[in-house]
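Beneath this line is the structure, given in structure tokens, with notes to follow.
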Amino acid sequence: MGNSVTAGFRLSAQQERVWAQRAGAAVSCAIQIQGSIDAVILQEALCRLVRRHEILRTVFHRQPGLKVPFQVIREFIEPVWSAVKASDGRVLLQKELDTAFDLESGPILRAALLQGEANSQILVLSLPALCADTRSLQNLVRDLSLEYTGTASMSEAMQYADVVEWQNELLESEDTRAGREYWRNYFRNLDLASVGLSLPFAGSTGP
């Protein structure tokens, strides 16, 4: 029997900070939708997004002896989908808050459609903080809208793992050493309190 080989990608600097400080944290957004909507088509649009964007099907495997995991991109992970009446939404949302993400196996995208009266719905999307922040949730909502209406671009999407590799190579390059040392010394000697800044993640809900 042959050995199974899994390709792993390094974390970004931002992901490493999230892993160290709040690995199990989640980010969520709620989108109010006015007008009629086809829940089946919306779910299909969400699945197309998962196939299009690798970060939506990325899990995290940590090897023995290592402090941080690797990103592992799965071929496909079915997102968790729920559609309930708005009157049952409180129970569903509480369950969402109480359920941790399985970072090693997935799924890592959860969607809940709360269907109200008079063509009013709320779509709640949740992802691990390792996979999303406020800006990426905004992009996700925009792309989901385009997928639902059939107006999404057919061009190939830039993948997060590729950006991370470029970032890590840049940070490790001899050509950028002088610049890294300059900014490291600059911030080491900077009095953050005097300029009204806080450390990363202090009082923040996003990565």
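Points worth noting:
- Computed with a 1.4 Å probe over protein heavy atoms only, the accessible surface of segment 16-132 comes to 54 Å² per residue.
- Net charge dipole, segment 1-103: roughly 340 debye, given to the nearest 20, about the Cα centre with Cβ charges of +1 for Lys and Arg and -1 for Asp and Glu.
- In this structure, VAL84 and ALA157 have a Cβ-Cβ separation that, at R0 = 35 Å, corresponds to a calculated FRET efficiency of about 0.70.
- In sequence order, segment 133-140 has phi-based couplings of 9, 4, 5, 5, 5, 4, 5, 4 Hz under the Karplus curve 6.51 cos²θ - 1.76 cosθ + 1.60, θ = phi - 60°, and Gly or Pro positions carry x.
- Distance between modelled label sites at GLU172 and PHE70, nm, 7 Å Cα→Cβ extension: 1.3
- Other-chain or far-sequence residues with amide H under 5 Å of PHE70's (modelled H): HIS61, ARG62, GLN63
- Sequence-ordered 3J(HN,Hα) estimates for segment 87-102 from the Karplus curve with 6.51, -1.76 and 1.60 and θ = phi - 60° stand at 5, 9, x, 4, 5, 5, 5, 5, 4, 4, 5, 8, 9, 7, 6, 8 Hz, glycine and proline given as x.
- Here segment 75-172 exposes an accessible surface that is 53 percent carbon and sulfur, computed with a 1.4 Å probe and the other protein chains kept in place.
The values are calculated or read from the model by the stated rules, or taken from the named source; none is laboratory data. Given the structure is predicted, the values throughout are model-derived calculations rather than measurements. Here Cβ is always computed from backbone atoms with ideal geometry, including for glycine, and neighbour counts include all displayed protein chains. Surface accessibility is based on the protein's heavy atoms, side chains included, excluding ligands, DNA and RNA. Shrake-Rupley method; radii C 1.70, N 1.55, O 1.52, S 1.80 Å.
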